[in-house]
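Below: the structure, in C-alpha cells.
None of the figures in this text is laboratory data; all of them are computed from the coordinates on show. Source: prediction; values computed, not measured. Cβ: placed from backbone, ideal geometry, glycine included. Neighbour counts: every protein chain shown.
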Amino acid sequence: MTITASVDKPAQPKSWLRRHVAVRAFLTAPSGVASVVALAVLVGVAVVAPLYLDARATETDIAGSWAGVGADHWLGTDALGRDTFARVMVATRLTLLLGLAAGAISIGLGVAFGLLAAVSRGRWRTALLRGLDAALCIPAILMAIFAGAIFGGGVNGAVVGVGLALCFPIARITSTLALSIGGREYISAARVLGVRPLRLMFRYTLPNISESLVVAFTLSIVSGVLFISALSFLGLGTQAPEFDWGGLLSEGVANIAIAPAGALGPAIAIAFTALTLSLTGEALARACNPVLWTSSRKQRRAAPPEPTAVPVAAPAETEGGEPVLRVDDLVVTVPGAVGPVDIVKGVSFAVAPGQVLGIVGESGSGKTMTALAVAGLAPPSGTVGGTITLTGRRLADLSKAELDALLARELSVVFQDPSSALNPALRVGVQMTLSARIIRKLRRSAAYQLAAAKLRDVHIGAPDRQLKAYPHQLSGGMRQRVMIGTGLMAEPSVLIADEPTTALDVTVQAQIMDLLEEINTGDRSTSIILISHNLALVSQNCDRVLVMYCGRIVEDLDLDQLLTDPKHPYTRALLAAMPKPGGPREAPMATIGGEVPDIAAPPAGCPFHPRCAVAVDRCRTDLPPLVIHPEDRARRVACHVVEGAGV
Amino acid sequence: MSSKEPGCEAMLTVQDLTVVFGSGRSRLTAVDGVSFAVPPGGTLGLVGESGSGKSTIARALVGLVPTAGGTIRLDGTDVTSDRARDARSFRRRVQMVFQDPYGSLNPRMTVGATILEAVSLQGKASTAERRSEVLRAIELVGLSPSALDRYPHQFSGGQRQRISIARALAVHPEVLIMDEVTSALDVSIQASIINLLKELQRELHLSYLFISHDLSVVGAMSDVVAVMYLSRLVESAAPDELFNAPEHPYTRGLIGSVPEFGVKRRRAPIPGQVPDPRFPPSGCRFHTRCPVGPAHRLDREICRTDDPQTAAASRPHSAACHFAVSVAAPRG
C-alpha cells in the first residue's frame, strides 16, 4: 500500500469541510451574469419606483385621459389620465412580492408533499401519489380561483390560492425525482453508515434533485405573477386602489383600441420578469451541480500536441488468400470537451475467411469504436478516416444504397447488452425479419420461416412461439441467442461480437461461446471479430489477437504467440494481472501501476510508458510505430524496447 | 461448514438466514436457509450467478432489507433483529462497500465531506480530531489528501472504489461486506484493489464477506468460498479444495465455465437457464440442469423428490447433493 507522506501541503485550504463553493460557479456562467444584472434592474425598480413615481402613477387628470405615446407620457395615460409608464414601474414592487410569496408557498408545500409521498411506504405512498395525480387533473387556475375565494378574496387570498394551486406539479416532480434516486447506491451507503432519515433527505436526496426544483421554483414565481394577474382581472386579486401588472394588463387589453400602448407596458414587464427568473433558475441550477463547474478528469490536463502521423505497417499477410475484411489506417474522430478527439488512431488489420479475430483492451482502448466504425455505426457527430474493404469492395466507393445493402448482407453486429439492443416494444419476430424484408424484399411468411430456422440454429426450442414473444419474456441468454440469430439472418461473411457475454452469467457465457464457435466452423465458416476485455476468453476462442491501448494496436499476434511468447510489455502486464482460479493467494497480485490514460490527452511518446516497467527515455518522447517483427513476420508490435521491433 | 456450532470462533455467523420479498403470487424467497461464518481476520467468499441471492445476503446483513428468519451473530452477540442492525453500535462494527464506483458516492458532496459524514457518525468531538480521522482514512487507501477537496466525478473508477473503501474504513469497522467491488473495474485496476484489500485486512485485522460472480477473484481473495445457487448454499470449502475437488455438480460446472487462459475450452458444462426463483424446482433445485441428475440418469428420481439440503451438513464441503462426489474440476 502506498501510504502518502502525512500531509503533502500543510497550507492547503480545507474547503472540503465547507459545503459548496458554488457562488463563483454561479457568477462565471454567462446566464449567471445576465441574470444578476437583470435581477438588479428588477429589484432596483421595485425599490425605487414607488418612492419617486407614486405621485405620477396615482394622480388623476381627467382632462389628460387617453393621452397618446409622447415625451410627457412614454406609454400614454389611462382613463383617469394617470401615466401608464409610471404605473407599470410602481406596480413592480407589489407584483414581484405577490409572485415571490406565491412561489415560496408552492415550492414549500410542493417539496414537503413530494418528499412525504416519497418516504412513506406501501399503501400510504400509493394513496399520496394517486392523490397528487388527482389534484393535477384540476386546472390550476380553477383551483386558484376556488382557493382564493375560500381564503377571502383580496391579495392575501389570491397569494395563498395561487401558491396552493401551483404546489401540486412541484410535489409530483419532487416525489418522482426523489423516488428515482432512492435506489442509488450512495443512498444505500449512507443508510449503512447510519445516516438518519432527515439528514438523508437534506444532504443526499434534495441536493441531487435541486436542479429541477430550482427551475420549478422560478417557473412557479412566473406562473404566480400571471395567475394573480388573472385573479385580479376577475376581481379576486388586487383591488383598486392597489394595482399590479395583471390589473394593468387586463385594463390595457380592454382598452386596446383606444390606447394600444397601455397593454404593451405591463406585457413587456411580465415577459422581462419571466425571462430574468428563468435565466436565474438556470444559473442557480448550474451552481447546485458541481459536475457542471468543477473540471472533470478529462479537462484537467491540457492536451499535448498530437504527434505527427506515424507509419503503420500493413496488416500481416493472411493465409488463405483474399481477406474478407481489410481495414487500413482507420481513424475515428469525435467531438470532445476541448476539441475533436481521435479515439481510434490509425488501426490496420485484416480478417481472413473463417478466422476468429480477438480484439482485447481495457476501457477507452478504442476496441469497440474500431468495430462500430467498420460496421458503419460510428457516432453521427464523429468522422471516420481510412479505408475499409469488405469482401473485396471499398466501402468509400459505394453509394449510400449500395453500402447499406452490402453491410446488411455481409456484416452483422452482436452487442454487449442484449436487453438494451432489442426494442422492448416489438415482438422478436418483427425485429428479426426487419432487415430481410426491407433489404432483401422477402415476403413476410418467407422471412418468418427463415427467422424460425435461424432460431433453431442458435438452439432455441419452439422457435415459432418465441418469434411471437416480446424481449422481456426471454432470459438474458435467450435474448443474446436471438441477437445472434438476427445477425445470422443474412448469412454474413463477418460477425462482430462486441463483449457478447459480458452482461451474462458465466455458465451462459460458455453456452454462447459454444454457439459462436459452431457458427464459425459451420458451412458458411463465418469470420468472427470477438471484442472483449477478457484475455482468457479471447485465448480460448480466437485464432489471432489484436491488443489495443489508447486507440492504437500495440501488438498483433497469433494465438500461439499470445500463449507462449507475448512481446509487448502491455500484453505481458495484462496477462500477469489476470486473477487465476485456484492461483496462489498469499503473494500480492501483479498490477499495472497508474491509471488507463484519458484518450483525449494521452501521455507523450508511447502512451503506455508511465505504467511500463521497462520504459526507456525514448519511450517518453517518441511514439513507437506498429511494425512487423523482423524475425517473426506473423507478428506486429509497437514498442521501442522489444528486441527487433525498434526502428 | 464451520457454522454448525454457532459461536464464539467466528466473527460473523449466519444461521438459516431467510429473506422474502413480496407476498402472494409474487412472493420470492431470495435467500433460503443460508448458513455461514466469516472467520475473524479472514475472508469468506460468496460466489454465484445473478439471481442466486448473494447480494440480498449482503443487504440483509447491513439492514437494508429485513430478514424473514434465521439468526445473525456478530462476535457472539445476537444481532438478528432488524433494530439491532440499525443501531449505531452495529454500524460502527460492520460496514459495506458497493459495486458501482460511479453510483455509490454522492455526486454533490466532496470526497472529504463524504468521509467526514462517516467520521461524524462515530461521534468524534473536535474538528481537529475529525480532520485527522478523515486524513487517516484517505491515506489508508493510498490516495493523497488533495483528493478530499474534489468531487467524485473527478476520479477514475478505481480511485472512486478506493474512496468508497475509505468511507467504510472511517468508522473503524471490524467486518467489511463487499458486494462485487471489482466487477466494474478494468483488469489492471482490479488487481490493485484486491492487493489493497488484502493489505488492509492484514494491517487492520478486518474480517471480509467478499461477494462476486467472478470465481477467479473470489478464489484470490478468500479463505473459504461458499457457492450459491437459486437462493441456497450448495457447497463451501477452502478455495484450493473447492477448485481441485468440488463435490457438487453445480460447482464443477461453474468452475468448468470460467474461461482460463491458454486452456482449451470444453463444451459448456451446464445446459439451460437458471429457473425462475419464484417457482424453484422441487427436491434439489439444480436437478433441472444437473448433468448427473435425473434428466440423465433414471435411477436418480430422489433428486426430484428429496431436498439434499437437509443432510448437507454431514457431507464433505457441506455439499447439498445426494450424490456428492469429489471429482477434479474439468479444467483442461
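Observations
- Separation of alpha-carbon centers, the range B:97-126 and the range B:3-67, rounded to whole Å: 26
- Listed pairs A:Lys345/A:Lys567; A:Lys441/A:Lys468; A:Lys345/B:Lys264; A:Lys367/A:Lys400; A:Lys367/A:Lys580 exceeding 29 Å between Cα atoms: A:Lys345/B:Lys264
- Scaled radius of gyration (Cα, divided by 2.2 N^0.38 Å) that chain B gives: 1.04
- Counting neighbouring Cβ atoms within 10 Å and putting the fewest first, the residues A:Asp632, A:Asp556 line up as A:Asp632, A:Asp556.
- Rg then Dmax, both in Å and based on the Cα atoms of the range A:145-249: 18.9, 60.
- Charge tally for B:His213 (other residues, Cβ to Cβ under 10 Å; Lys, Arg +1; Asp, Glu -1): -3.
- Counting only alpha carbon atoms, the long axis of helix B:157-169 and the longest principal axis of chain B meet at about 80°.
- Here the range A:383-457 and the range B:238-292 have alpha carbon centers that stand 35 Å from each other.
- In chain B, the DSSP beta bridges split such that about 50 percent are antiparallel, to the nearest 5.
- Inter-probe distance in nm under a simple model that places probes 7 Å from Cα toward Cβ, at B:Asp306 and A:Glu631: 6.5
- Helical segments meeting 27 Å axial Cα length and Kyte-Doolittle 0.0 threshold in chain A (DSSP H): A:30-58, A:84-119, A:154-182, A:206-233, A:261-288
- Placing pseudo-labels 7 Å out from each Cα toward the beta carbon at A:Glu517 and A:Lys441 gives an inter-label distance of 4.2 nm.
- Centroid-to-centroid, using Cα positions, the range A:530-590 and the range A:608-637 are 17 Å apart.
- Shape call, the range B:246-332: gyration tensor on alpha carbons, a/c limit 1.5: prolate
- The ranking of A:Cys550, A:Cys639, A:Cys606 from fewest to most other beta carbons within 10 Å of each one's beta carbon is A:Cys550, A:Cys639, A:Cys606.
- Sorted by Cβ neighbour density within 10 Å, fewest at the top, the residues B:Thr182, A:Thr218: A:Thr218, B:Thr182
- For the protein assembly as shown, dividing the convex hull volume of the Cα atoms by the residue count gives 224 Å³ per residue.
- What the phi angles of the range A:537-550 give under the Karplus curve with 6.51, -1.76 and 1.60, with θ = phi - 60°, is a coupling list of 4, 5, 5, 8, 10, 10, 8, 9, 10, 9, 9, 10, 8, 6 Hz, glycine and proline written as x.
- Averaging the sequence gap over all C-alpha pairs within less than 8 Å and six or more residues apart, then dividing by the number of residues, gives the range B:246-332 a relative contact order of 40 percent.
- When chain B is treated as a Gaussian network with alpha carbon springs shorter than 10 Å, the biggest mean-square fluctuation among B:Arg27, B:Arg160, B:Arg232 belongs to B:Arg27.
- Of all DSSP beta bridges in chain A, antiparallel share, percent nearest 5: 65
- Nearby aspartates and glutamates by direct alpha-carbon distance to A:Lys454 (threshold 14 angstrom, same-chain neighbours under 8 apart not counted): A:Asp464, A:Glu491, A:Glu518, A:Asp523
- Average Cα contact separation per residue, chain A, under 8 Å, 6 or more apart, as relative contact order %: 11
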